[in-house]
Amino acid sequence: MRQESVAGIQRLIDNVEQVMFGKRDVVKLCVVGLLARGHLLIEDVPGIGKTTLAQSLARSIDCSFTRIQFTSDMLPSDVLGVSLLNPKTNDFEFRRGPIFASVVLADEVNRTPPKTQSALLEAMSEYTVSMDGVTHQLPQPFMVIATQNPIEYEGTYVLPESQLDRFLLRVDIGYPPESDEIRIMRRHNPLRAIAALKPALTADALLALQDEVNSITVEESVQQYILKIVRATREHDQVRLGASPRGAQALYETSQARAMVEGRDFVTPDDVKALATPTLAHRVLVKSRGADLAAAAQERERIVREIVNDIKVPV
């Protein structure tokens, strides 16, 4: 692995940490998703820093950035764009929506109806937007960082499994340590700190790092270990629908990205164990699913951790 690659990754992590105090592991997880060309779902209680994390990560990359505040009255055209008649040429022209950016913050994505949520599906999986029979390419790199509050129910719409499966990682932030919470109290408003952030990576440098992730070695025994974990989610007696082949691919790629973040050019079983829950838990549909999203998420995570603990780690 190139030394400049390691330095660039650490510079990116340090940059985000200037705003997200005491959450280095969470920041690393987000960088893993970025390097693996994936999308992030940041889910936690209000006031924990979901939007702050997403904005600081976006500001640390020298790429185009848009923030979409999802609401109950939004239409797909508000996200994707719309074709308008040009009176001068008498032709329809496509006006691009906010989805046409390298980093898209979908804030409170579960506050918009399923019809508008589904507008993100093609963009997140194909990196294209199709309107009026014409396919438009999205910029590269491209990443959706979505946030949602798992304990609010009024005026929210649960993300369907097909939408959840498009997110590479689901991230929990959690409360900060006491010493860091004091720093947050003293800071008053994080917007100034976010605005003061300088980009740590250019778009070209990020694309080069993403390409380099594919060269990280995954030994045959580790590949089998990944597959056993994924297939076990389909056979668990408390699971109605296990992780799909897309989930296996996601765990493979995030493990490669984590190895790179840790400065290695090979994947270890510890990489797989560390990423199994954030990569697979949101893709699993349990039989006892209830209305409480937070409780359902905890149950899915418990099952995945149980599976990982039961499967023999390769030597």
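The values are calculated or read from the model by the stated rules, or taken from the named source; none is laboratory data. Please read all numbers here as calculations on a predicted model, not as lab measurements. Glycine gets a Cβ as well: all are built from the backbone with ideal geometry, and neighbour counts include every protein chain shown.
Numbers for the structure displayed
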read-out	value
Of all residues making up region 126-141, the number that are without any contact (Cβ under 8 Å) to a residue 60 or more places away in the chain, out of contact with any helix residue (DSSP H, G or I) (no Cβ under 7 Å at 6 or more places or on another chain) and under 23 Å from residue 59 (Cα atoms)	2
Helices (runs of 4 or more DSSP H) within region 202-314 that include 3 or more residues of a type in the set (Asp, Glu)	203-213, 293-310
Residues that are out of contact with any strand residue (DSSP E or B) (no Cβ under 9 Å at 6 or more places or on another chain) and surrounded by fewer than 14 Cβ atoms within 10 Å (Cβ to Cβ), drawn from region 232-245	235, 237, 245
Residues satisfying the stated conditions in region 260-280, i.e. in contact with a Ser or Thr (Cβ under 9 Å, 6 or more places away or on another chain), within 22 Å of residue 10 (Cα to Cα) and of a type in the set (A, V, I, L, M, F, W, C)	260, 266, 267, 272, 274, 275
Enumeration of residues in region 140-163 that are of a type outside the set (A, V, I, L, M, F, W, C) and in a strand (DSSP E or B)	147, 148
Residue that is nearest to residue 16 (Cα to Cα), among those in region 167-180 that are surrounded by fewer than 16 Cβ atoms within 10 Å (Cβ to Cβ) and of a type in the set (D, E, K, R)	180
Residue match in region 234-254 (condition: among the β-branched types (Val, Ile, Thr) and in the same structural domain as residue 311 (by TED's automatic domain parsing))	yes
Residues located in region 33-54, provided they are at pLDDT 85 or above and in a loop (DSSP other than H, G, I, E, B)	36, 37, 38, 39
Qualifying residue in region 242-262 (condition: touching a residue at least 24 places away in the same chain (Cβ under 8 Å) and touching a Pro at 6+ places or on another chain (Cβ under 7 Å))	no
Residue in region 141-163 that is within 22 Å of the chain's Cα centre (by Cα) and farther than 29 Å from residue 72 by Cβ present	yes
Test: residue in region 112-123 that is assigned by TED's automatic domain parsing to the domain that holds residue 66, among the charged types (D, E, K, R) and surrounded by 14 or more Cβ atoms within 10 Å (Cβ to Cβ)	yes
Some residue of region 79-91 being in contact (Cβ under 8 Å) with a residue 40 or more places away in the chain, under 22 Å from the mean Cα position of the chain (by Cα) and crowded, with 18+ Cβ neighbours inside 10 Å	yes
Condition met for residue 183 (in a helix (DSSP H, G or I), surrounded by fewer than 15 Cβ atoms within 10 Å (Cβ to Cβ) and more than 18 Å from the chain's Cα centre (by Cα))	yes
